[in-house]
Amino acid sequence: MSQPELTPPEAARWAHRAGLVLPADRHAAVAATADHIHSVVAVLRELDFGDTPPAPVYRAAAVKDAHDGEGDARCSRMN
């Protein structure tokens, strides 16, 4: 379900409720940024993570980089 876009006056009202001073010339930019963040989060909420193991199943391991021979930490699945 899609949410209506945040309007500049609503952004100002939310900023005021949070105790933030938001200059009038920033209302539109803050509303647009909040809408963008909301659209990204909405996509993430639609993803099915049903088969994804929880974070404790992963451990950091050193992996040798084929380009420079340096090791770096990468996530690998524990058996």
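Before moving on, here are some points about what is shown:
- Contact map, segment 31-58: first residue under 16 Å from PRO8 (Cβ atoms), second residue of a type in the set (Gly, Ala, Ser), Cβ cut-off under 7 Å, separation 6 or more or different chains; pairs are ALA31/ALA11; ALA34/ALA11.
- Residue ID - modelled with the highest pLDDT, chosen from residues in segment 45-79 that are of a type in the set (A, V, I, L, M, F, W, C) and part of a helix (DSSP H, G or I): ALA55
- Where ALA11 falls short, out of the listed (1) touching a His at 6+ places or on another chain (Cβ under 6 Å); (2) assigned to a strand (DSSP E or B): (2)
- Looking across ALA42, ALA31, one residue alone is assigned to a helix (DSSP H, G or I) and at pLDDT 95 or above. It is ALA31.
- Evaluating LEU20 against the criteria (1) in contact with a helix residue (DSSP H, G or I) (Cβ under 9 Å, 6 or more places away or on another chain); (2) surrounded by 13 or more Cβ atoms within 10 Å (Cβ to Cβ) leaves one unmet condition, (2).
- In the condition set (1) under 16 Å from GLN3 (Cα atoms); (2) open to solvent by 60 Å² or more (accessible area, probe 1.4 Å), ALA31 is compliant with all but (2).
The values are calculated or read from the model by the stated rules, or taken from the named source; none is laboratory data. Keep in mind the model is a prediction, meaning the values are calculated, not measured. Please note: Cβ atoms are built from the backbone with ideal geometry, for glycine as well, and neighbour counts cover all protein chains shown. Just the protein is used for accessible areas: all its heavy atoms, side chains included, with ligands, DNA and RNA removed. Shrake-Rupley method; radii C 1.70, N 1.55, O 1.52, S 1.80 Å.
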